[in-house]
Amino acid sequence: MKKRACLVERAVSPNSAIAVIALAAVAVSVASSSSGQDKTGQPKSGMTSGKAAADTAADSKKGKQVIVTTIPPGYRDWKFVSAAHEAGELNDIRVVIGNDLAIKAYRAGKPFPEGAIVGRVAWKMVPSEENNKTFSQPQSFVPGEAPDWYLQFLEKNTAKYAATGGWGYSNFGRDLKPLTDEKTMYACFECHKAVAARDYIFTKYTP
């Protein structure tokens, strides 16, 4: 899979050691995905699934996509779904969270209802000097500063977001400002089509 900073795009192994690290991180700081742009104002390579996919936005037969531009209130209190480490240029620790409707669907193995929201919070992964001194070897990694792809949310509203499979997509940078570039945002939906059979959600629930 091409590298990207998209939200629920990875199934996470329950046995992953990094999931344990991220769980500890959640307890410390489940903070606030992405400006998706570099310093020149252009979309980052890790944020899209390619120009060809993004350009299909204009060809959508289901109407114009609606981009989510508001951070859901209370997301810091949402429950844990799963965790992952993205390597390469992203090099982050990320956790996936869900509101009550999403969590109930996940745990029951049922379809996501209207109003379900799945979120992703990311931090740069950095070594912990303090922990490594205790362990006498470099082995501990913890969340660092918020990256440009800080927050992402998927919001279920079949009618409102018909053009993108019934889900509204959002990206918020470290400054908490939303990304509203239509082609970049539509590329998220193009990527999530790979798991249309799972209602476009990549991340599986980690018990």
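The values are calculated or read from the model by the stated rules, or taken from the named source; none is laboratory data. No experiment lies behind these values; they were computed from the predicted model shown. Neighbour counts run over all protein chains shown; Cβ positions are idealised from the backbone, glycine included.
A few notes on this one:
- Beta carbons closer than 7 Å, at least 6 apart along the sequence or on distinct chains, pair a first residue in segment 130-155 that is more than 12 Å from residue 176 (Cα to Cα) with a second that is of a type in the set (Lys, Arg) and not in a helix (DSSP H, G or I) for 144/124; 145/124.
- Which numbered condition residue 130 fails, given (1) exposed (fewer than 13 other Cβ atoms within 10 Å of the Cβ); (2) touching a Ser or Thr at 6+ places or on another chain (Cβ under 7 Å): (2)
- Among the candidates 44, 110, residue that is at pLDDT below 90, within 24 Å of residue 193 (Cα to Cα) and basic (Lys, Arg): 44
A quick yes/no check of all residues on (1) surrounded by 14 or more Cβ atoms within 10 Å (Cβ to Cβ); (2) modelled with pLDDT of 95 or more; (3) not in a loop (DSSP other than H, G, I, E, B):
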position	(1), (2), (3)
85	yes, no, yes
103	yes, yes, yes
106	yes, yes, yes
115	no, yes, no
119	yes, yes, yes
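- With respect to (1) in a helix (DSSP H, G or I); (2) among the charged types (D, E, K, R); (3) closer than 30 Å to residue 63 by Cβ, the lone exception for residue 130 is condition (3).
- Looking only at segment 148-167, and only at residues there that are among the aliphatic types (A, V, I, L, M) and buried (at least 24 other Cβ atoms within 10 Å of the Cβ), the one that is nearest to residue 102 (Cα to Cα): 154
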